[in-house]
Every structure is written in C-alpha cells, then in structure tokens.
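The values are calculated or read from the model by the stated rules, or taken from the named source; none is laboratory data. From a predicted model like this one, the values you see are computed outputs, not experimental measurements. Note that each Cβ is placed from the backbone with ideal geometry, even for glycine, and that neighbours are counted across all protein chains shown.
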Amino acid sequence: MARPKPAVGVKVKTVAENRRARFEYYIEDVVEAGIMLTGTEVKSLRKGQASIAESFAEVRDGQMWLINATIQEFSHGNIFNHEPKRQRKLLLHARQIEKMHTAVSRQGMTLVPLVIYFNDRGRAKIEIALGKGKQLHDKRETSKERDWQRDKARLMRDKG
C-alpha cells in the first residue's frame, strides 16, 4: 500500500514574513522554493530568528540567490557558526528560474520574498513572488481601501 501524499504548500510554522511586500508591490506570481542552509541556520530558523524585510532574490548564472536576508547566529554555535547575511541559494526547477528571469529582465519586475516557513515534512521553504513596484498614489489608494474596509467592519459589528 502506498504512502498518502502530503498536501502541497501546507505551512506548519511561519518563521519570517515580509508584510510590507504586499503594500510596496503588485504581486503577480508566487512560487515556493527550497533554501540551501547550514545546520546552525536551520536551528536559528526553528527559534524564529530571521528577517526578510529588506531582502530580494536575483538570478545569476542560471541559479537563484536570496540576498540580504538575515538569519541570526545560533546562540550555542561554535566556530562553525554561519554568517548572518550571507547569500543563500534557492532551489527551483530550471524552467521556473528561466520564467522568473525573463519577467525580471523584460518587464522590469522584482523578485520579492514573502514568507519563510517550515512545511509539514520539516523542510525550510520560502515563497518568492514576482512584484511590480507601486507608485505613491497607488499606495495611498491601498491605505484608503484598507481603512474603509476596517471602518465598514466596525459599523456592521456595532449595528449588528
């Protein structure tokens, strides 16, 4: 009897989230990627010591790299502790990398990391999105819409 397949994209534990990304960019396409990590990086991620707020992804030589992401040093690490802001290789299929690379080079889009999490098998994953930057007036409109939705929910709850 075959082992049942786990559900795809199930997030068990969210480690770091780039909440500002959806405000700064129009999100077009989201892809789940693996991350090449060392042992102490995994331990730090399990403790929740990571930040992807200022990070981005880049395609170089047919490989995708996560740049400027911070994973704090492990507190009980020894001389083999990792460097906090090192560049990390992202694991994607070649077709996915090529698709993202053409979108970035031709359409002027950006590769933005949205969230780092552990899936149900205990593997560290990252969601990378193709984003197109918003103008200032678009950001204002997003804020207005968010405020109106909040006020509308408040009114409905009070009138109930």
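Miscellaneous remarks
- Residues of segment 88-98 satisfying the condition of being surrounded by 15 or more Cβ atoms within 10 Å (Cβ to Cβ) and under 23 Å from GLY133 (Cβ atoms): LEU90, LEU92, GLN96, ILE97
Residue-by-condition table, conditions (1) at pLDDT 90 or above; (2) more than 30 Å from HIS137 (Cα to Cα); (3) not in a strand (DSSP E or B):
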| site | (1), (2), (3) |
| --- | --- |
| PRO4 | no, yes, yes |
| VAL12 | no, yes, no |
| VAL15 | yes, yes, no |
| PHE23 | no, no, yes |
| GLU41 | no, yes, yes |
| SER75 | no, yes, yes |
| LEU90 | yes, yes, no |
| ARG95 | yes, yes, yes |
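- Taking the criterion of being surrounded by 13 or more Cβ atoms within 10 Å (Cβ to Cβ) and in a helix (DSSP H, G or I), the residues of segment 101-137 that qualify are HIS101, ALA103, VAL104.
- Cβ pairs under 7 Å, 6+ apart, first in segment 22-38 and in contact (Cβ under 8 Å) with a residue 60 or more places away in the chain, second among the β-branched types (Val, Ile, Thr): PHE23/THR142; TYR25/THR110; TYR25/VAL112; VAL31/ILE128; ALA33/ILE126; ALA33/ILE128; ILE35/ILE126
- Checked across segment 36-47, the condition of being over 15 Å from LYS125 (Cα atoms) and within 16 Å of the chain's Cα centre (by Cα) holds for no residue.
- Among the residues making up segment 57-73, a single one is assigned to a loop (DSSP other than H, G, I, E, B) and either of a type in the set (A, V, I, L, M, F, W, C) or touching a Phe, Trp or Tyr at 6+ places or on another chain (Cβ under 6 Å) (or both): ALA69.
- Of all residues making up segment 33-54, the number that are in contact with a Lys or Arg (Cβ under 9 Å, 6 or more places away or on another chain), within 13 Å of ILE128 (Cα to Cα) and surrounded by 18 or more Cβ atoms within 10 Å (Cβ to Cβ): 2
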